[in-house]
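Reading through the structure tokens given below for one structure.
We did not get these values from a lab; they are worked out from the coordinates using the rules stated. What you see is a predicted model, and the numbers here were worked out from it, not measured in a lab. Glycine also receives a Cβ, built like all others from the backbone with ideal geometry; neighbour counts cover every protein chain displayed.
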Amino acid sequence: MVFVDLHVHTIYSGDSSITPKRLVDALHTHSFLKTVAVTDHKTMEGYYHVSKLATAYEDILILPGIEVSTTHGDVVVIGTEERPPYPITPETVIEFAEERNVIAIIPHPFRTLTSLGDYARRLKPTAIEVFNPNATPEQNRMALELARELNLPQVAVSDAHSIEELGRGYTKINAAQNMDEILNAIKSGQTQPIQNLIQQ
Ligand SMILES: [Zn+2]
């Protein structure tokens with residue numbers, strides 16, 4: 001069993017204050033959250049820095065990820081250091097993930113105009129974010145309904161843009177702390193989304 005935050009931004013996203021060092025320090029001191037996917041907007045730079053710092057700690061695992069703006073809304077890809085090619089449509093990004101045997105998650109499907117909204121019903125992503133603290137309770141409720149309707153695995157994330165936000169949401173995954181096992185467990189729905197809005 002492993003607890004994973006599948007959606008975290010670093011300063012390389014441009015809208016986050018989380019430096020690689022602060023992220024690794026926070027994971028080092030956290031009692032159980034030791035695994036995160038760095039999912040910056042459009043860049044792998046943050047992942048490279050964080051994963052390099054994390055090699056000093058045996059218990060920390062950093063997964064490569066990216067949050068891309070597609071023609072119809074945001075999609076998160078986790079498991080590869082490659083970036084999806086243009087043109088970036090939701091379909092090409094999901095296909096890109098499938099071809100590499102990694103995962104594509106629809107983040108906060110109903111949060112803002114940059115989210116996929118009802119277009120998600122046409123897609124076959126790996127999983128849906130059913131809890132994102134940056135979405136309203138109503139938007140999260142709609143996301144949960146969508147995941148149930150499409151019969152897709154459910155994940156919860158922090159979508160942290162500041163270090164205090166880390167751990168607000170995370171996913172309990174039935175896997176060892178190993179990237180391939182984690183990705184396979186998400187694909188087969190062995191996930192339990194957990195909301196944690198209590199300050200640590
Ligand atoms: Zn995000």
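Descriptive notes on the structure:
- Per this entry, K124 is counted among residues that are basic (K, R), in contact with a helix residue (DSSP H, G or I) (Cβ under 7 Å, 6 or more places away or on another chain) and away from the ligand (no atom under 16 Å from the Cβ).
- Set side by side, the residues V38, V24 differ, and just one is buried (at least 20 other Cβ atoms within 10 Å of the Cβ), more than 16 Å from the ligand (Cβ to nearest atom) and under 20 Å from Y170 (Cβ atoms), which is V24.
- Residues satisfying the stated conditions in region 1-10, i.e. within 14 Å of the ligand (Cβ to nearest atom) and not charged (D, E, K, R): L6, H7, V8, H9, T10
- Hey, G189 more than 15 Å from the ligand (Cβ to nearest atom), touching a Pro at 6+ places or on another chain (Cβ under 9 Å) and in a loop (DSSP other than H, G, I, E, B) or not: yes
- Residue within region 52-70 that is within 15 Å of the ligand (Cβ to nearest atom), assigned to a loop (DSSP other than H, G, I, E, B), buried (at least 19 other Cβ atoms within 10 Å of the Cβ) and in contact (Cβ under 8 Å) with a residue 12 or more places away in the chain present: no
- Residues being in contact with a Pro (Cβ under 9 Å, 6 or more places away or on another chain) and in a strand (DSSP E or B) - total across region 7-44: 4
- Any strands (runs of 3 or more DSSP E) falling wholly within region 90-176 and containing at least 3 residues that are surrounded by 24 or more Cβ atoms within 10 Å (Cβ to Cβ): 103-106, 127-131, 169-173
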